[in-house]
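The values are calculated or read from the model by the stated rules, or taken from the named source; none is laboratory data. Please read these numbers as outputs of a predicted model, since none were measured by experiment. Here the Cβ is made from the backbone with ideal geometry for all residues, glycine too, and neighbour counts use every protein chain on show. Only protein heavy atoms, including side chains, enter the accessible area calculation; ligands, DNA and RNA are left aside. Shrake-Rupley method; radii C 1.70, N 1.55, O 1.52, S 1.80 Å.
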Amino acid sequence: PPTALRLLLDWRFNLIFGTAALVLAAVYLAGVRRLRRRGDAWGPGRTIAWLCGCAALLLATSSGIGRYGPAMFSVHMAEHMILSMLVPILLVMGGPVTLALRALPPAGRASPPGPREWLLAGVHSPWARFFTHPLVALPVFVGSYYGLYFSGLFAAALPVHAAHVAMNLHFLVTGLLFFWPLIGIDPAPRRIPPAARLGVVFASVPFHAFFGVALMSAGTVIGGGFYRALALPWVTDPLRDQQFGGGLAWASGELPLLLVVIVLLVQWSR
């Protein structure tokens, strides 16, 4: 049965996301070291935010949360909220694109484009402008909740391990695309006025709340056949576990959004 200690300490390293978390942390620290060796400053707050984001990614996928998530809806929802809300907020506050642009050497006029030039081209590409537009990023970010869980797609994906990996990647990417132009300190494909950023954040709040309430008030179990087939002795009522997961989605979704509002207000005042 899951306990707080088992969820935190019962680790099984996730080969994909655990490796990504460690590599992202190491590459970021290497970039910070390169800047400091040549005498350039880099804010410690950005480094802390990035490392905390990597740690949250590692925790969500390699700790007991990642182990119990495929078998319990409530734990899966906790993992979902960490990957789609907490990790992206921390990562975009780390300013990885700005760090890379300062740490990578320019290719020079007579040389072919290098990593720095390709990164700049990607940031200002039409695809980046399209997917970070609030009218695109907001519906994809909040619409994924409803499209995944209330369409039968989640129930079909439950028995397939590759589908779990794809879901986690989707949660992470959509969160990054949503929060990058809102609170990110990196150069973005488009500059959104602070008032419009607050409006986008507040527009997403009712959708998060209604999603959690819909899960808590549902009378049928999403993917009930799969969870009943597992017959976990500590999940005697899958519907109650789903309702608990809905409560987690409602409560845990509000706290990161409050953090985003605070960051936006600080950036606006500056």
Prolate/oblate/rounded call for segment 55-123, Cα gyration tensor, a/c under 1.5 rounded: prolate
Prolate/oblate/rounded label for the chain (Cα gyration tensor, a/c 1.5): prolate
Relative contact order (%) - the chain, alpha-carbon pairs under 8 angstrom, separation at least six: 22 percent
Given charges at beta-carbon only (K, R positive; D, E negative), |dipole| of the chain in Debye: 1060 debye
Span-like helix ranges in the chain, DSSP H, alpha carbon extent 27 angstrom or more, Kyte mean at least -0.5: 17-37, 161-183, 194-217, 238-269
Over the chain: helical MRE at 222 nm, DSSP H runs n ≥ 4 each giving -39500 (n - 2.57), nearest 500: -23000 deg cm²/dmol
Pairwise label distance in nanometres, Leu265 with Thr220, each label 7 Å out on the Cα-Cβ vector: 4.3 nm
Theoretical FRET efficiency, 1/(1+(r/R0)^6), r = Cβ-Cβ of Leu5 and His124, R0 45 Å, to 0.05: 0.45
Accessible area of the chain belonging to carbon and sulfur atoms, whole % at 1.4 Å probe: 72 percent
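In Å², and per residue, what accessible area does segment 177-270 have when probed at 1.4 Å with the other protein chains present? Display every interim value, and only then the final one.
Numbers: 4750 Å² over 94 residues.
Per residue, segment 177-270 has 51 Å² of solvent-accessible surface.
Taking the mean number of other Cβ atoms within 10 Å as a proxy for protection, how do you rank 22-28, 173-179 from highest to lowest? Present the calculation step by step, with values, prior to reporting the outcome.
Values: 22-28: 15.9, 173-179: 22.0.
Output ranking for 22-28, 173-179: 173-179, 22-28.
Using 0.36 nm times the number of residues separating Ala166 and Ile48, minus their current alpha carbon distance, what extension gain do you get?
Details: separation 118, 0.36 × 118 = 42.48 nm, distance 2.78 nm.
39.7 nm is the gain from fully extending Ala166 to Ile48.
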Probe 1.4 Å, protein heavy atoms only - accessible area per residue of segment 35-170 in square angstrom: 45 Å²
Listed residue (Leu7, Pro159, Phe226) projecting farthest to the positive dipole end of the chain, Cβ model: Leu7
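So, R0 is 35 Å and r is the distance between the beta-carbons of Ser151 and Ala26; what FRET efficiency does that work out to, to 0.05?
0.35
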Loop-located trypsin sites (Lys or Arg not before Pro) in segment 76-149 whose Cβ has at most 11 other Cβ within 10 Å (DSSP): Arg109
Shape of segment 1-156, Cα gyration tensor, a/c cut at 1.5: oblate
Separation between Cα centres of segment 1-48 and segment 143-195, rounded to whole Å: 21 Å
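If each residue of separation counts as 0.36 nm, what is the full-extension length gain between Val140 and Arg109 once their alpha-carbon separation is subtracted? Present the calculation step by step, with values, prior to reporting the outcome.
Values: separation 31, 0.36 × 31 = 11.16 nm, distance 3.91 nm.
Gain in length upon complete extension: 7.2 nm.
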